Amino acid sequence: MNFDASCEECRRISSEYEAATMEWFRVQGQIRIAEYSHDDEASNRIIDELSRITARRQRLREEAEKHQLDRHPRIAAAGDSKS
Ligand SMILES: [Zn+2]
């Protein structure tokens, strides 16, 4: 994700996105453990959590895109070729 480090909104979105990504990896690790121990209840709970985190990351991505098109059209355009 591209962002302008001097822009407060960019920093907020990108740090929230980063936090959500770390959360995703953490929960992803938990699901392996739950599957390994055949704990269906835990697996279902973790899958729910994973899809919530995925939705949050998607929302943040969209938020970043909108914000960049609005405030940093050049960064938004540069992002297209990289992603
Ligand atoms: Zn910005």
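Of note:
- Here the gap between ARG74 and SER37, fully extended at 0.36 nm per residue and compared with their Cα-Cα distance, gives a gain of 8.4 nm.
- With the simple model of a label 7 Å out from the Cα in the direction of the Cβ, GLU16 to GLN28 spans 2.2 nm.
- Highest-MSF residue in the chain out of ILE13, ILE33, ILE46 [GNM, Cα springs under 10 Å]: ILE33
- Full-stretch length increase - GLU9, ALA55 - with 0.36 nm per residue and alpha-carbon distance subtracted: 14.6 nm
- The H on the amide N of CYS7, modeled in the peptide plane, is under 5 Å from the matching H of no residue at least 5 residues off or on a different chain.
Here, each number is a calculation from the coordinates, and none is a lab measurement. Treat the numbers as computed from the prediction; the structure is a model and nothing was measured. Glycine gets a Cβ as well: all are built from the backbone with ideal geometry, and neighbour counts include every protein chain shown.
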